[in-house]
1. Would you check if there is a residue in the range 143-153 being within 16 Å of ligand 2 (Cβ to nearest atom), of a type outside the set (Gly, Ala, Ser) and touching a Leu at 6+ places or on another chain (Cβ under 7 Å)?
2. Tell me, which strands (runs of 3 or more DSSP E) lie completely within the range 218-319 with 3 or more residues that are in contact with a Lys or Arg (Cβ under 6 Å, 6 or more places away or on another chain), open to solvent by 30 Å² or more (accessible area, probe 1.4 Å) and under 23 Å from Phe200 (Cα atoms)?
3. Give the residues of the range 320-352 that are β-branched (Val, Ile, Thr) and not in a helix (DSSP H, G or I), sorted by residue number.
4. Among the residues of the range 43-57, are any part of a loop (DSSP other than H, G, I, E, B), in contact (Cβ under 8 Å) with a residue 40 or more places away in the chain, of a type in the set (Phe, Trp, Tyr) and over 13 Å from Gly131 (Cα atoms)?
5. Of all residues being without any contact (Cβ under 8 Å) to a residue 40 or more places away in the chain and either over 19 Å from Asp317 (Cα atoms) or assigned to a strand (DSSP E or B) (or both) in the range 175-195, which is farthest from the chain's Cα centre (by Cα)? Just the residue, please.
6. Which of (1) of a type in the set (D, E, K, R); (2) within 24 Å of Gly271 (Cβ to Cβ); (3) surrounded by fewer than 16 Cβ atoms within 10 Å (Cβ to Cβ) is the odd one out, the single condition Glu108 does not satisfy?
7. For the range 123-144, does any single residue satisfy the condition of being within 20 Å of Leu45 (Cα to Cα), in a helix (DSSP H, G or I), in contact (Cβ under 8 Å) with a residue 60 or more places away in the chain and of a type in the set (Ser, Thr, Tyr)?
8. Report whether or not Val72 is open to solvent by 10 Å² or more (accessible area, probe 1.4 Å) and either within 16 Å of ligand 1 (Cβ to nearest atom) or not aromatic (Phe, Trp, Tyr) (or both).
Amino acid sequence: MYNTKAYSAASAKSPLAHTQIKRRDPTERDVQIEILFCGICHSDLHLVRNEWSSIMPAVYPIVPGHEIVGRVTKVGPAVAKYKPGDLAAVGCLVDSDGTCPQCKARLEQFCPNLTLTFNSPDKHLGGVTYGGYSDSIVVDERFVLRVPSSLNLAGAAPLLCAGITTYSPMRHRGVTKGKKVGVVGLGGLGHMGVKFARAFGAHVVVFTTSPNKKEDALRLGGDEVVVSRNADEMKKHSGSFDFILDAVSAEHDINAYINLLAREGNLTLVGAPAKPLSVSAFSLIMGRRSLSGSNIGGIAETQEMLDFCGAHNITADVEVIPIQKVNEAYERLLKSDVKYRFSIDMASLKSE
Ligand code: NAP
Ligand code: ZN
């Protein structure tokens, strides 16, 4: 075991602050990574503040962060794919059982025995896993990803969660040229959804509650923007969408979007508000519409997404911050004031 610097919260009401944590020494198949950048996902905030307590109670101290890019510093003797000096990335998953039907289908994100990057039981050291707001991390090579070297690293970090979470359902639902696609909520996930839908050739409509994001929505790849608080603007799109991706982090009226689906259209929820959403049966039955959900993506698909981003030069639009600004960044997330992902420059942790 060795000590490494990190930022943790001591309770749901405490700010994140500097601490020391223990990591395991790399075993046979482990890769040790010096973390260069870590994105801030709204899930970090939900978990740190224990907003998902009924599903996934937070264990304190909690070290969040699951959008990790860095450089390999050491590898175990059985590691074949990575060597010291390589760029490497880690997303939301660091282990799974490898034997269940979900793992066999390469959908490790649904494995009943998966280990999340933070706040999951740690099989090696006991306690819980600690995430990417940290100097370094040690991960089984099966859960380490390759980052195309052409990509800006600060902007690549958010691909590990915001990227795969929006790429996967769009691929699954066949978003391509000729489809009309809506993206609801222009935050970290939403802005990646807009970029992917555009790259897949769809006609993209962005729904936002923030009129000041209109110009950005078009620049990021939207063909049209709707300020969702304007009922007339919403009505114009009634019954017209093949697919809508809902990436909103808070309570909102989901029926307003289901009603915009065409016959047999699908709305996929990736946003995970703490409180249940209410769904009108009529919104669904009129037009045989469907409502579904999606959770990040498997490891193979995450690599596919990273390679796609390398080939199309896609990264997140990031505001790079030192770790000392993380609490301020959380407050800004709550005000929808992020353009469009915070990426922590982990070099800033060295001065603590
Ligand atoms: P984010 O950057 O904070 O973006 C959320 C966006 O939702 C905001 O920018 C805002 O967009 C909109 N919004 C916020 N409050 C709203 C309200 N009261 N009514 C309507 N719209 C509102 O968050 P994120 O990191 O993208 O995460 C979004 C959600 O996805 C979170 O709940 C997160 O936990 C979840 N998530 C799920 C997965 C998964 O695998 N399913 C993975 C990662 C994250 P506008 O300003 O454009 O309205
Ligand atoms: Zn996330």
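The values are calculated or read from the model by the stated rules, or taken from the named source; none is laboratory data. Predicted model only: the values in this text are computed from it and were never measured. Cβ coordinates were reconstructed from backbone atoms using ideal geometry, including for glycine residues, and neighbour counts include every protein chain displayed. The accessibility values were calculated without ligands, DNA or RNA, using every heavy atom of the protein model including side chains. Shrake-Rupley method; radii C 1.70, N 1.55, O 1.52, S 1.80 Å.
1. Kept after step one, since they are within 16 Å of ligand 2 (Cβ to nearest atom), are these residues of the range 143-153: 143, 145.
Filter once more, keeping what is of a type outside the set (Gly, Ala, Ser): 143, 145.
Imposing the further condition that a residue be touching a Leu at 6+ places or on another chain (Cβ under 7 Å) reduces the set to 143, 145.
Yes, because at least one residue in the range 143-153 is within 16 Å of ligand 2 (Cβ to nearest atom), of a type outside the set (Gly, Ala, Ser) and touching a Leu at 6+ places or on another chain (Cβ under 7 Å).
2. Numbers: elements: 224-227, 241-246, 261-269, 290-293.
Counting at least 3 such residues, we get no strands (runs of 3 or more DSSP E) at all.
3. Val320, Ile321, Val338, Ile344
4. Checked the range 43-57: at least one residue is part of a loop (DSSP other than H, G, I, E, B), in contact (Cβ under 8 Å) with a residue 40 or more places away in the chain, of a type in the set (Phe, Trp, Tyr) and over 13 Å from Gly131 (Cα atoms).
5. The first filter runs over the range 175-195 and keeps only residues without any contact (Cβ under 8 Å) to a residue 40 or more places away in the chain, leaving 176-178, 194.
Next, from what is left, pick out any that are either over 19 Å from Asp317 (Cα atoms) or assigned to a strand (DSSP E or B) (or both): 176-178.
Working: Thr176: 22, Lys177: 25, Gly178: 27 Å.
Selected residue: Gly178.
6. (3)
7. No, the conditions are met nowhere in the range 123-144.
8. Considered against the rule, which asks whether it is open to solvent by 10 Å² or more (accessible area, probe 1.4 Å) and either within 16 Å of ligand 1 (Cβ to nearest atom) or not aromatic (Phe, Trp, Tyr) (or both), Val72 comes out as no.
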